[in-house]
Structures are given as structure tokens and as C-alpha cells.
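See below for the structure under consideration.
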Amino acid sequence: MLDLYESLAVQIKCPSDLLYLLKTVVPDEKVPLLLSLHDWVELKDVAEKLGQPAEEIECSVHELYRNGIVARNKEQFKTRSFYGILNTLLGEGRLKDLSRGDHKKAEDFYMQSRLQIYDKYIAKGRLKASSRVMTTGEALRHHELLHATGQSLIVTSDEAFDILSRAYLRVLIPCSCRLTFQNCHKPVNTCINLNESAEELLERGVGQRITLEEGQEILTIADREGLIHLTISAPGQLEYALCSCCSCCCHDLQALLKYGRSKWVQKAGVVAWDDRGKCIHCLNCVERCVFGARKSINGHLFYDPQLCYGCGLCVTSCPAEVISLKAR
């Protein structure tokens, strides 16, 4: 069986030093079946090739699909790449039994693979960006109150809410980034998948359908916890999810802030504006800004609007109400 595992490792691009992880997540009796799914194929053809009953093959493949080992495209199935398998298993919390050391190796392989894959997507024009920052709904509501008093510069729509309202299906899942990297204790139930992506999750038995009102409440809670709203994209799946995440776990915010991938994350269409004469120097906004636009030097606030991504968290953190928003 080791030779078959090695063949599968080559097929799905699993490094030799992580072969033991592959053996951990894939039962040995499933390896021949996965080898037969090296390209998109219909199950009747797999049954004929392996000389096994079609019902038996269908049952096994659908189990592998539900467990994140196999991908589906209508009536065709294909074994995921090792990156794709880890992406799903880590992001759905299915590798909790791994030792911390092995979990860290899986995390590192996943992140480095994602960096390489999405760098190519963006370089080749298959994606403009992996994600886009959404201005928080809480900040916009605060902004409208300022506008009523004549202090605000603009009024803009709650784009995150607009995206949710346009979706025909919304499915809530735990944030895959926080389940993968486990670097903080922020709320986990903050990732809302939309439309086709949501359909696939329900088909696999993952997540729960939510209403528009429930989605709005999730965004509101995320705002108050200091989480950044991001729409997530992939080739052929533009803005398939709206997730509220943190800079220590989010794969895209890590790519931007830790690995210098400035093209991965698009800025929101607004930027923060300060009435510096009324600032009380509480520095709450410095603590809330994950993008490094706000810094405290000798107790004084320094703000660089070029580094602002327009998330709006500084607006809701300011007790003096001196931060507003304007068009970028």
C-alpha cells in the first residue's frame, strides 16, 4: 500500500516529507479509488475501470466528497490536490486530532501553497485580488449620525449588507482561517458563504442556512469585536463569501501584512478622515487599526491615509467622534 500512497502523493502534489500526513487523512482502502479520480470523471466510468458495483463506488465517492477529499463538478468528480485537501480539512476543523507539531506543518504547507497559487492567479489576471475590504456597517451607521449634524463628508451604502441582500442563499460556517491558525479567541461563526458556494456546503452537510437579518446581526457582532469584513474570491467564484476576520488568522490579511502581498487585498472605496483639532489622544483607533495606518509615537497619534483600507473600525472606536469617512 505504501507504493500506492506514494503514487497518490505524486498525483496530488503532496511533498514526500508530508506523506505521513496524507496517510493520516486518507484511509488506505480509499487510495485506489482516489488514484482513479486523477481527472474529472463520471462515476460509472470509475466503476467500470475498477470492476466494482456502481452503487458501491457512488457511496464511497460521495463520502469522500462530504469529507473534503474529492471535488465535484456537476456529475463529475476528481481527487483534490493535497493543498485543497488541507484547505478543507484545516478550515473545517477536521484535523483536531493531529499533534500541535503536525498541525503546524499542515498550516505552513497550506499557507505557503496558497501564496504561490494566488500569486499566479493575480499575475496571470485570473483574479484582480483575493479579497476586498468592506467598510463596517457600524461605522456607516455612525457616519450617518454625523451627517445628520452636518459634520460628515459623505454618506455611502453598507456594501456588505448589499452583497448579503443580493444573494439567493447564505450559509454560515465557522471561520476557516481561525480554525486553521488558531491564533486568537475572536468569535468563530463569522463566515457567510453565498450562492453556489453555499449550495456546495449544504450538499456536503456543512454549515447552516441563515436569513438576511441573521447575516446582518453576524456582521454587527463582528464589527464590535474589531473584525475586518472581507469578500473572498477565487477564479470563477468572484465574491463567493463574506467573512469577518482578524489579522492574526486571516490568510489574506496575513498575506498582506506578514508576507507583503499588497495586491491581494483591495481597499474599500472610502478612507478615514480625522478632525485633528478635536482629537483627545485616547489612541483607541491605533489599537483597532490592523493596517498600520495609525501609530502612537510618544503618546501622539500619527495617521497615514495612504495605508488606510477603509474598514471603518477607527470610526466606531473614537469616543470623541472626530473620525469620519470620505471617498477615496
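Key figures for this structure:
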| read-out | value |
| --- | --- |
| Of residues in the stretch 27-44 being among the acidic types (D, E) and within 21 Å of S7 (Cα to Cα), the one most open to solvent (accessible area, probe 1.4 Å) | E29 |
| Helices (runs of 4 or more DSSP H) wholly inside the stretch 187-304 containing at least 3 residues that are among the charged types (D, E, K, R) and touching a residue at least 12 places away in the same chain (Cβ under 8 Å) | 195-203, 212-224 |
| Qualifying positions in the stretch 47-66 - open to solvent by less than 80 Å² (accessible area, probe 1.4 Å) and farther than 22 Å from E200 by Cα | A47, L50, G51, Q52, P53, A54 |
| Test result for C248, of a type in the set (A, V, I, L, M, F, W, C) and open to solvent by 40 Å² or more (accessible area, probe 1.4 Å) | yes |
| Count of the stretch 85-103 residues which are in a helix (DSSP H, G or I), closer than 22 Å to V31 by Cα and open to solvent by 30 Å² or more (accessible area, probe 1.4 Å) | 2 |
| All positions within the stretch 40-92 that are of a type in the set (K, R) and under 26 Å from H251 (Cβ atoms) | R66, R72, K78, R80 |
| Test: residue in the stretch 120-129 that is more than 30 Å from W273 (Cα to Cα), part of a helix (DSSP H, G or I) and in contact with a strand residue (DSSP E or B) (Cβ under 9 Å, 6 or more places away or on another chain) | yes |
| Residue ID - most open to solvent (accessible area, probe 1.4 Å), chosen from residues in the stretch 307-326 that are hydrophobic (A, V, I, L, M, F, W, C) and under 21 Å from S262 (Cβ atoms) | L307 |
| Residue check, A106 touching a Pro at 6+ places or on another chain (Cβ under 9 Å), in contact (Cβ under 8 Å) with a residue 60 or more places away in the chain and in a helix (DSSP H, G or I) | no |
| Flag if I122 is more than 14 Å from A241 (Cβ to Cβ), among the β-branched types (V, I, T), open to solvent by less than 40 Å² (accessible area, probe 1.4 Å) and at pLDDT 95 or above | yes |
| The stretch 306-328 residues that are among the acidic types (D, E), paired with ones that are surrounded by 14 or more Cβ atoms within 10 Å (Cβ to Cβ) (beta carbon under 7 Å, 6 or more apart) | E321/L146 |
| Residue list for the stretch 245-294, filter: under 17 Å from the mean Cα position of the chain (by Cα) and of a type in the set (F, W, Y) | Y259, W264 |
| Filter result for S81 (at pLDDT 95 or above, open to solvent by 40 Å² or more (accessible area, probe 1.4 Å) and polar (S, T, N, Q)) | yes |
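The values are calculated or read from the model by the stated rules, or taken from the named source; none is laboratory data. All values derive from a computational prediction rather than experimental measurement. Cβ coordinates were reconstructed from backbone atoms using ideal geometry, including for glycine residues, and neighbour counts include every protein chain displayed. When the accessible area is computed, the model is the full protein with side chains, heavy atoms only, and any ligands, DNA or RNA have been set aside. Shrake-Rupley method; radii C 1.70, N 1.55, O 1.52, S 1.80 Å.
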